[in-house]
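Every number in this text was worked out from the coordinates using simple rules, so none of it is lab data. These figures come from a predicted structure and were not determined experimentally. Cβ coordinates were reconstructed from backbone atoms using ideal geometry, including for glycine residues, and neighbour counts include every protein chain displayed.
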Amino acid sequence: IYNFQEIREQLLNLGHIFKSQSDTEVILNGYVEWGPSILELLTGSFAIAIVDKKKDILILARDRGGEKPLFYSLSNEEIYFASELKPLINFSTISRKISPVSFQHLFSHGYVAGDESIFADIKKLRPGHILTFDLGTRKSTITKYWNIVTKVLQRKKQKFASEEDLVVRLEQLMSRSIEGQLHADVPVSIMLSGGVDSSLITSLASRSVEKLNTFTVKFSG
């Protein structure tokens, strides 16, 4: 969570006590304070599972862009979930039957679209969505907490005088995004691919960090 320190400060001012410096604890305390609305404040890549014992529910949530995977299966009034497919197909209650539609889509486009997976009984939680599973009634609901269309329409109201203004604004947005990702509870480094993208990211990041660790990986052949 790239903005966890900012949210942490808000929670400290509201009286929350932290036992660690991790971003995970910020999510937990944020949920205690704001409920599922905490997801709208998070900037980052995440797949989250929270068991709310007071409301007797399980909440699964996925980041806005779907950077982190989150698979689930609803079978016999039970829910199974994981960050990849392999753990789920080990349960005898979950069928390994291949979805013909997903199979065709995989070979046509190189990926499985929407909320489907290659297996008929296993789904993907869509980016920017929350799945709520009631542990009492065993029923589930899926809701969207972030919509890119709404954000784009809001941005369209902004007026720029010239192309130069747009370039300046783009640089500001990129710098802010990169600076946010440099803050973490673990060391941060940059993978250099040799292309324009990673070089640009490194250039902007070096403005904020005195010593920046970078790595390049080379494979034989």
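Give the cross-link partners of Lys151 among the lysines, using a straight C-alpha distance below 16 Å as the criterion and excluding same-chain residues fewer than 8 apart.
Lys159
Using r as the Cβ-Cβ distance of Glu84 and Glu33, and R0 as 41 Å, what FRET efficiency do you calculate, to the nearest 0.05?
Computed FRET efficiency for Glu84 and Glu33 comes out at 0.85.
Could you give the size of the charge dipole of the stretch 2-58 about its Cα centre, using +1 on the Cβ of each K and R and -1 on the Cβ of each D and E, expressed in debye and rounded to the nearest 20?
200
Starting at 0 and stepping by 10 Å, how many percent of the alpha carbon pairs of the chain end up in each bin?
7, 23, 29, 27, 12, 2, 0
Determine the shape class of the stretch 50-94: with a ≥ b ≥ c the square roots of the Cα gyration tensor eigenvalues, call it rounded for a/c under 1.5, and otherwise prolate if a/b is greater than b/c, oblate otherwise.
Judged from the Cα gyration tensor, the stretch 50-94 comes out oblate (a/c at least 1.5, b/c at or above a/b).
Within the stretch 62-118, report the GluC sites (Glu not before Pro) that DSSP leaves as loop and that have at most 11 other Cβ atoms within 10 Å.
Taking the stretch 62-118 and a limit of 11 other Cβ atoms within 10 Å, the loop GluC sites (Glu not before Pro) found are Glu77, Glu84.
Kirkwood hydrodynamic radius, computed over distinct alpha-carbon pairs, for the stretch 1-117: how many Å, to one decimal?
So the Kirkwood estimate lands at 16.6 Å.
May I ask for the net charge around Glu40, where only other residues with Cβ less than 15 Å from the Cβ of Glu40 are counted and Lys, Arg are +1 while Asp, Glu are -1?
+1
Treating cross-link reach as a plain straight distance, find the lysines whose alpha-carbon is under 26 Å from the alpha-carbon of Lys218, omitting any fewer than eight places away in the same chain.
Here the lysines satisfying the reach criterion relative to Lys218 are Lys68.
Let me check against my output: what whole-number percent is the relative contact order of the stretch 1-147, with C-alpha pairs under 8 Å and at least 6 apart?
20
Which entries in Lys19/Lys144; Lys97/Lys139; Lys55/Lys124; Lys123/Lys157 show an alpha-carbon gap greater than 28 Å?
Pairs exceeding the cut-off: Lys19/Lys144; Lys123/Lys157.
In debye, nearest 20, what is the charge dipole magnitude of the chain about its Cα centre with +1 on Lys and Arg Cβ and -1 on Asp and Glu Cβ, if you could check?
460
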